[in-house]
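Here is the structure we will look at.
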Amino acid sequence: MVSKRVVNQKKRENKMRYGKGHNRFLDNDVPKYEFPEGKMEPRAAYQLIHDELNLDGNPDLNLATFVTTWMEPEADQLIMENLHKNFIDHFEYPQVKEIEERIVNIMANIYNVPDKDDFIGTSTIGSSEAIMLGLLAHKWNWRQKRLKENKPADKPNIVFGGDTHVSWDKFARYFDVEPRIVPIARDHFTIEPEDVKKMIDENTIAVGVVLGTTFTGEFDPVFEINQMLVDLKKTKGLDIPIHVDAASAGFITPFYEPDFKWDFRLEQVKSINTSGHKFGLVYPGLGWLIFRNEHLLPEELKFYVNYLGDEMPTYTLNFSEGSSMVVAQYYNILRLGKKGYGEIVSKMMNNANYLAKKLTESGEFEVINGAKHIPVVTFKLKNVESSKAFDLSYRIRERGWIVPAYSLPPNAQDTTIMRVVVRENFTADMVDIFVEDILNAKKSITNMISGGKQTDPRKGHPVS
Ligand SMILES: *Cc1c(COP(=O)(O)O)cnc(C)c1O
């Protein structure tokens with residue numbers, strides 16, 4: 001999203017000036033903010049854009065993101081082969097739709113739906129769309145129930161923690177639902193069932209539970225929150241659904257901790273989202289949304305398109321989108337199986353724990369979350385103010401590493417932490433190099449502090 005004001009603030013040249021003879025394919029300036037009048041050779045356009053994008057960070061050194069940056073060449077090939085198919089065009093491309101249906105079944109089954117013939121789900125562009133669609137269905141169901149009981153249905157609220165991703169706030173604002181945000185506990189940075197309980201009433205459309213949180217990678221206590229809601233149903237007759245935001249853990253926990261009960265094995269868990277493009281190991285953008293039972297997705301929210309004479313229901317916010325990532329997800333599922341996903345997860349968890357151990361042993365960092373459930377390590381600086389993490393984040397960028405520094409949500413907002421997401425390509429060898437680099441960087445900013453030189457207060461990278 002860009003406004004004219006933002007463009008102007010950059011005070012950049014209005015033209016891309018290569019200078020005559022600099023680029024062998026190009027000898028004219030190119031307008032930056034106007035539609036060009038004339039044409040350009042394909043090679044010139046390619047080179048111009050290719051060179052400019054070299055300024056972006058190296059995705060493999062981006063330790064900030066959960067999002068996949070590498071896939072196997074065979075997956076890349078399938079992606080190229082399906083780029084030109086519009087996913088929504090089920091009439092033209094029924095086989096892609098068939099593959100989506102298989103994956104929805106596969107996901108429902110690994111999330112342990114109680115009835116293998118009664119669930120519903122869809123692919124989405126990511127977890128954000130899946131969260132919007134899941135919560136929208138719960139809002140609709142709540143309203144229908146209230147109207148049936150002849151009760152007012154104009155003040156819906158939703159209860160979730162301060163540890164949730166921005167997409168939850170987005171849902172509340174865009175769909176006009178009052179957000180009731182549970183403060184996180186000071187010592188462990190997730191929410192408590194008792195605090196959730198205090199915020200619930202008859203107008204609560206759903207309770208949000210996150211596995212693992214964007215801030216520290218920890219899990220909200222899903223088992224205990226479910227138990228509290230089951231009790232509430234028995235004692236007060238309030239039947240509040242849980243939506244589990246498993247954007248990151250949805251492709252980890254089923255393989256790494258199969259006995260951990262977080263999914264449809266818990267009675268009040270009615271919908272789950274996950275990001276295919278995080279630990280589903282597919283490039284962006286792909287997400288999944290699964291409802292425990294078919295009736296949870298109201299008929300009025302489905303739209304029907306023709307599909308080889310049949311009527312196919314769709315539940316999406318946008319219409320046209322690519323087919324490639326659904327195909328790529330299917331590739332990973334077939335290629336890796338539970339065994340392959342499990343091995344990759346174990347490797348990532350081992351490397352994350354190795355990183356946590358090395359950071360602790362250095363004496364320069366305090367590890368806050370050392371990869372308990374997902375391969376994320378969060379830590380704060382020792383022996384200096386925690387806010388120096390902003391300087392450190394900026395300084396290690398010199399070596400190409402992208403590691404965000406940010407402050408925690410309310411109740412712990414004075415603490416600035418840093419986060420590393422250990423993805424598959426971050427090997428133990430790279431952990432060694434990274435730790436050496438971050439220790440050197442820390443030494444250099446500490447020397448600057450003791451030498452009396454001022455460092456720029458830098459803003460942290462946004463949490464993604
Ligand atoms: C990444 C993330 C999201 C948003 O997911 P997208 O797939 O990027 O839309 C939502 N919730 C959590 C917990 C996340 O980690």
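The values are calculated or read from the model by the stated rules, or taken from the named source; none is laboratory data. A quick note: this is a predicted structure, and the numbers were derived from the prediction, not measured. Here the Cβ is made from the backbone with ideal geometry for all residues, glycine too, and neighbour counts use every protein chain on show.
Yes/no matrix, rows are residues, columns are (1) within 19 Å of the chain's Cα centre (by Cα); (2) in the same structural domain as D437 (by TED's automatic domain parsing):
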site: V30; (1), (2): no, no
site: Y33; (1), (2): no, no
site: E37; (1), (2): no, no
site: E41; (1), (2): no, no
site: A44; (1), (2): no, no
site: D51; (1), (2): no, no
site: N62; (1), (2): yes, no
site: M71; (1), (2): yes, yes
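Hey, which of the strands (runs of 3 or more DSSP E) in region 262-377, taking only ones fully inside, have at least 3 residues that are within 15 Å of the ligand (Cβ to nearest atom) and in contact with a helix residue (DSSP H, G or I) (Cβ under 6 Å, 6 or more places away or on another chain)? Answer list for region 262-377: 269-275, 287-291. Here is a check on your reading of the model: is D163 in the same structural domain as I205 (by TED's automatic domain parsing), surrounded by 23 or more Cβ atoms within 10 Å (Cβ to Cβ) and among the acidic types (D, E)? Yes; evaluated as a whole, the condition is true for this residue.
If only residues of region 152-163 that are under 23 Å from N141 (Cα atoms) and outside any strand (DSSP E or B) are counted, the one that is nearest to the ligand (Cβ to nearest atom) is P156.
For region 46-74, a tally of residues being in contact with a Leu (Cβ under 9 Å, 6 or more places away or on another chain) and either β-branched (V, I, T) or more than 12 Å from E424 (Cα to Cα) (or both) returns 3. The number of residues in region 211-256 being assigned to a loop (DSSP other than H, G, I, E, B) and either within 16 Å of the ligand (Cβ to nearest atom) or surrounded by fewer than 16 Cβ atoms within 10 Å (Cβ to Cβ) (or both) comes to 16.
Kindly provide the set of residues from region 180-200 that are within 15 Å of the ligand (Cβ to nearest atom) and not hydrophobic (A, V, I, L, M, F, W, C), ordered by number. Within region 180-200, T190 is the sole residue that qualifies. Screening region 46-79 for residues that are touching a residue at least 24 places away in the same chain (Cβ under 8 Å), more than 16 Å from L281 (Cβ to Cβ) and not charged (D, E, K, R) and picking the one that is nearest to the ligand (Cβ to nearest atom) gives A64. Inside region 415-444, can you point out the residues that are surrounded by fewer than 21 Cβ atoms within 10 Å (Cβ to Cβ), touching a residue at least 60 places away in the same chain (Cβ under 8 Å) and among the β-branched types (V, I, T)? Passing the criteria: T427, V435.
Take region 179-200 and flag every residue that is part of a strand (DSSP E or B) and in contact with a helix residue (DSSP H, G or I) (Cβ under 7 Å, 6 or more places away or on another chain). Selection gives P179, R180, V182. Kindly indicate whether any position in region 118-130 is more than 16 Å from the ligand (Cβ to nearest atom), of a type in the set (D, E) and under 24 Å from H165 (Cβ atoms). No, every residue in region 118-130 fails to be more than 16 Å from the ligand (Cβ to nearest atom), of a type in the set (D, E) and under 24 Å from H165 (Cβ atoms). With respect to the conditions (1) modelled with pLDDT under 90; (2) charged (D, E, K, R); (3) assigned by TED's automatic domain parsing to the domain that holds G337, E98 lacks only one, and its number is (1).
Taking region 52-70 only, how many residues are in a helix (DSSP H, G or I) and surrounded by 12 or more Cβ atoms within 10 Å (Cβ to Cβ)? Here the count works out to 3. For E92, the requirement of being in the same structural domain as G287 (by TED's automatic domain parsing), modelled with pLDDT under 95 and either in a loop (DSSP other than H, G, I, E, B) or crowded, with 19+ Cβ neighbours inside 10 Å (or both) is met. Against the list (1) in a helix (DSSP H, G or I); (2) of a type in the set (G, A, S); (3) crowded, with 18+ Cβ neighbours inside 10 Å, the condition G121 fails is (1).
Scanning region 265-304 for residues that are of a type in the set (D, E, K, R) and buried (at least 18 other Cβ atoms within 10 Å of the Cβ) yields K270, K278, R292.
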